[in-house]
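Undergrad: My questions all concern the structure below.
The values are calculated or read from the model by the stated rules, or taken from the named source; none is laboratory data. On a predicted model such as this, the values are computed, not experimentally measured, just so you know. A quick note on method: Cβ atoms are made from the backbone with ideal geometry, for glycine too, and the neighbour counts reach across all protein chains shown. Protein only, heavy atoms only, side chains kept; ligands, DNA and RNA dropped before computing areas. Shrake-Rupley method; radii C 1.70, N 1.55, O 1.52, S 1.80 Å.
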Amino acid sequence: MDAFEALVESQTASVYRLARAYVGDAGAPDLAQEVLVAAWRALPGLRDAGAFGPWLHRIAVNRCRSAVRGTGRIREIPMDEGVASGTPDRGHDGFAAVEARAVVGPAFRRLGEDHRALIALHYAAGLSIRECGETLGIAEGTAKSRLNAALEALRRDVGRIEP
Amino acid sequence: MTRHRDELVDVFLADLGAGSPPPGLAAAVGERLRHEGSRRPSRVSPWLAAAAVLALLALASFAWIVAGPGPSPTPQPSAPIPPASAPAMSPSPSATGSPQVLGDWTVTVNPGEPDVPVAVAVLDRSGAMTGAGEATQAPPNDGPSDPHALAIGQGSDDRSLTVGWTGSVCDVHAQLELASDGRTVALRFPPRPSCDTLGVGFSIELRFGTPVDPAAFHGTWSEDLVTISDVEPNVVAFADPDHGWVGGTTPTAGDAVVLETTDGGASWRVEGLGTGRLTDVAVTGRGIAWAGLACDEPGPTCRPGLYRRDDSGLWSRVSVDWPVTLSFAGNAGAGLFVTAASLASQDGLPGPGIRVTEDGGDTWRAIPSPCGAFDVVDAVRVTAAQVLALCAGEGGAGEAFKWLYRSDPAGDPWQLLASTDDGSMPISGTGIRIDVAEDQTGWLWGSRTPLLATTDGGATWRPLDVADGDVRIVRDADASGGGGGTILVWDPDRDGTLLLQTDDGKAWTQRYLFPSPVRCCG
């Protein structure tokens, strides 16, 4: 278990940020914990130890999808809840981040599952395009084009709803 | 406004990556794992347990396929790699003791293919990679004349063994295992029935810690590397409730795999089309199967196009056109497929193209698209005399529109049947697909569109509950008439893809559950 714990240690931040992208600050710790425990239970099914990263993040994406669909054990907590509750921003740029969550967050949640997963994996979890592709089982070129399409869709949606 | 919009999105994206886990999260997980320790499944994947040595080979322009981030290290033949540490190898019957692979290895390809890079990884039985690299020399072909056999001989000294075989450029990856008996060398490939370029020679030298006798070794060759549990299914077609095809991809290796059942999903036969993504499958009345294959990087191992499987089980590429969707009417003669826009433009067609056949696929001709500058996202050969085409495009304000047209097989004239403009087609999102049977009953589905049903050939649509009534993401569907058919539907609760059938769209029967290949979230 020590080796796995070491892996957990190295991946916790990435998994946490991925969970946070899906369910927000309040739900992220529990969801991240669920992901890591699920990975532990599923570890015997991992065929290629070298593929641990994509494998773990795929589990994370699946769990996150379940969470926001309401089919998992974790209730959905919108990412912009910090605005409603007055939670101080822990992001990178004070009020700007809060405003961005309030305006862009709903559009992010309206994205298709694949688009949302790519943005979360790349920008939240910090995976490279290649790693995103490995995680989602698609080629690197496909991941790149889909990520561009996801960003385009996000910007278009934000432009549509922005006052 | 645009600038402000882009700034907000940029800040949002930056904020996604800025969050830090609360202190103690990792420790909490560790503590929970310690409590869960006794619950951990004891089963270890046979794939790992059996592998003392595992070699993954990649040919042609293949990127390095062995898992693990970062570039592969250059092989160091003179520096033995530590012996496998995890589970002990079974006792060897050999008087010289248990041969233990030290990981000192070389890889060779025949001179006829000197430019074909070969990538190899050596893993111990725990799955940890102990060595990796690419071939740097082009020694002679040590493969046997029988393409389905291994040649095992003495290596460069009495502690080494040379294993040779004849492969093909379709063998994007293969797996060489030294079984736990210490005497059986097994080479396994994914199925590749469409490959017609056999003849590339390979050899690999295994070095042991003690002297080895090649005569004591036994080699096996098989096309069983991909099993049904490796496949992420995404397309389906059934000729009748018992006989059908499911296509998909293996997420890790990228193999394009087709699965055939003749008993309603109780058992499956695995076949492969090399690497790539299956875009659709179809079955004709003659029992002939069809598949569309797309490639992100076309090359020797991934050849996009239209594939046909004859009744002898051989897959062959019959068109370089890249079908996005495939559809045959009830009789085998009438069919069509929609080509990718990029290829359609190459052969001079005015935009995305629809190809139709009247002779079971022996000849194809293009018909005009009703979609103008927009995309044909799907088309259906409802009957020999009727074709439906679904178009998608965006209006000036970014709204997505879809239009459904009906025509004869000549594509002239096209008549507007339903659209999102007037609400007669309540769909949104991408990946919209349609299938309508000869009796004018059919389905419509997409990434954000739950299954919709029609009984009037597509003029009107209504939502259809699937199985337990939950809203499901339908991956593919095959309407068979009478409101019935077969669907592939993702089930997040069970972390897998369900194969469901219905006779009337009301009562559903689960034929199979394809578990997620990563066996997630046990």
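Undergrad: Please verify whether the stretch B:207-224 includes one or more residues that are open to solvent by less than 10 Å² (accessible area, probe 1.4 Å) and more than 22 Å from the chain's Cα centre (by Cα).
TA: yes
Undergrad: Another question about this same structure. Of the numbered conditions (1) within 28 Å of B:S229 (Cβ to Cβ); (2) surrounded by 21 or more Cβ atoms within 10 Å (Cβ to Cβ); (3) out of contact with any Lys or Arg (no Cβ under 6 Å at 6 or more places or on another chain), B:R494 fails exactly one; give the number of that condition.
TA: (2)
Undergrad: When you scan the stretch B:3-24, how many residues do you find that are at the interface with chain A (Cβ under 7 Å from one of its Cβ atoms), among the acidic types (D, E) and surrounded by fewer than 18 Cβ atoms within 10 Å (Cβ to Cβ)?
TA: Adding up the residues that qualify gives 1.
Undergrad: Next question, about the same structure. Only one of (1) under 30 Å from the mean Cα position of the chain (by Cα); (2) at pLDDT 85 or above fails for B:A418. Which number is that?
TA: For B:A418, the exception is condition (1).
Undergrad: What number of residues within the stretch A:118-135 are out of contact with any His (no Cβ under 9 Å at 6 or more places or on another chain) and touching a residue at least 24 places away in the same chain (Cβ under 8 Å)?
TA: Going through the stretch A:118-135 one residue at a time, the tally reaches 7.
Undergrad: Next question. So which pairs qualify, if the first residue must be in the stretch A:58-72 and on the phi < 0 side of the Ramachandran plot, the second must be of a type in the set (K, R) and modelled with pLDDT of 75 or more, the Cβ gap must be under 7 Å, and the two must be at least 6 apart or on different chains?
TA: Cβ pairs passing all conditions: A:G72/A:R63.
Undergrad: Taking only the stretch B:250-270 into account, find how many residues are at pLDDT 90 or above, part of a strand (DSSP E or B) and open to solvent by less than 30 Å² (accessible area, probe 1.4 Å).
TA: The qualifying residues number 6.
Undergrad: Follow-up. Restricting the stretch B:225-249 to residues that are within 14 Å of chain A (Cβ to nearest Cβ) and open to solvent by 40 Å² or more (accessible area, probe 1.4 Å), which is farthest from B:R303 (Cα to Cα)?
TA: If we take residues in the stretch B:225-249 being within 14 Å of chain A (Cβ to nearest Cβ) and open to solvent by 40 Å² or more (accessible area, probe 1.4 Å), then B:T227 is farthest from B:R303 (Cα to Cα).
Undergrad: Name the residues in the stretch A:131-144 that are more than 9 Å from every other protein chain (Cβ to nearest Cβ) and open to solvent by 20 Å² or more (accessible area, probe 1.4 Å), would you?
TA: Answer for the stretch A:131-144, where residues must be more than 9 Å from every other protein chain (Cβ to nearest Cβ) and open to solvent by 20 Å² or more (accessible area, probe 1.4 Å): just A:K144.
Undergrad: With the requirement that a residue be away from chain A (no Cβ under 14 Å) and open to solvent by less than 10 Å² (accessible area, probe 1.4 Å), what does the stretch B:286-308 give you?
TA: Matches in the stretch B:286-308: B:A289, B:W290, B:A291, B:G292, B:G305, B:L306, B:Y307.
Undergrad: Could I ask something else about it? Identify, by number, the condition in (1) part of a loop (DSSP other than H, G, I, E, B); (2) over 22 Å from B:D439 (Cβ atoms); (3) at pLDDT below 85 that B:D359 doesn't meet.
TA: For B:D359, the failing item is (3).
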